[in-house]
1. First measure r as the distance between the Cβ atoms of Ala5 and Leu170, then evaluate 1/(1 + (r/R0)^6) with R0 = 25 Å and state the FRET efficiency to the nearest 0.05.
2. Of Gln156, Gly113, Val136, which is farthest towards the positive pole of the chain's charge dipole, taken about the Cα centre with +1 and -1 on the beta-carbons of Lys, Arg and Asp, Glu respectively?
3. Around Ala129, under 13 Å between beta carbons, what's the net of Lys plus Arg minus Asp minus Glu among the other residues?
4. If each residue of separation counts as 0.36 nm, what is the full-extension length gain between Asn24 and Ser91 once their alpha-carbon separation is subtracted?
5. Using a cut-off of 12 Å between beta-carbons, work out the net charge of the residues near Thr116 (Lys and Arg +1, Asp and Glu -1, Thr116 not included).
6. Suppose R0 equals 25 Å. What FRET efficiency, 1/(1 + (r/R0)^6) with r the Cβ-Cβ distance, do Asn142 and Asn110 give to the nearest 0.05?
7. If I ignore ligands, DNA and RNA and count only protein heavy atoms, how much of Glu22 is accessible to a 1.4 Å probe, in Å² to the nearest 10?
8. Suppose a student asked you for the relative contact order of the chain, using Cα pairs under 8 Å spaced at least 6 residues apart; what percent would you report?
Amino acid sequence: YHNMALTSTGSVVAWGGNLNGECNVPPLPPGLTYVEISARATQSLGRLSDGSVLQWGDTQAYPPAGVPVLPAGLTYVSISAGNSHSLALRSDGVPVAWGFNMLGQCNVPNLPGGTTCVEIAAGGSHSVARLSNGSVIAWGLNAYGQCTVPALPVGQSYVGIAAGNMHTVLR
């Protein structure tokens, strides 16, 4: 129940409910700035200018709590926070997920051969990824069809994704 805004100088302003410290934005070492932010119920995520990701707020609510460690030479290029899980996209095009996984929203499927992930979106209890070939995959809770990706006519591809609490929007 909080809000965040990223300023033009790379700092973050947060306000609203702060029961778990989700509005207590961590100060950064000199030379680093925030370049992307995302908020979920009681946590906040920030992607930094060096490609790392910070998580703050209620980091114990949905184990495993920590941001996955990156293999050497990789960075994070995108983040997205759902209700109780988080997604990040690595620089090699592989999505990773962590947090509450009772409904499979953190079980990232294997990508089809020859594809990488180019966009991620974390929903309520589902996750969505747009792939380099223009296709979309989704996993997790599908009670409302939010993981059932509509087929496109031959020659068309998806160019954008968004995930809501119980729905997914594709463009």
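1. Working from the Cβ atoms, E equals 0.40.
2. Going by the charge dipole, the pick is Gln156.
3. Summing Lys and Arg as +1 and Asp and Glu as -1 gives +1.
4. So the chain would gain 21.3 nm between Asn24 and Ser91.
5. Summing Lys/Arg as +1 and Asp/Glu as -1 gives 0.
6. 0.85
7. 10 Å²
8. Reported relative contact order: 13 percent.
The values are calculated or read from the model by the stated rules, or taken from the named source; none is laboratory data. Computed from a predicted structure; not experimentally measured. Virtual Cβ from ideal backbone geometry, glycine too; neighbours counted across all protein chains shown. Remember, those area values only see protein heavy atoms, side chains included, never the ligands or the DNA or RNA. Shrake-Rupley method; radii C 1.70, N 1.55, O 1.52, S 1.80 Å.
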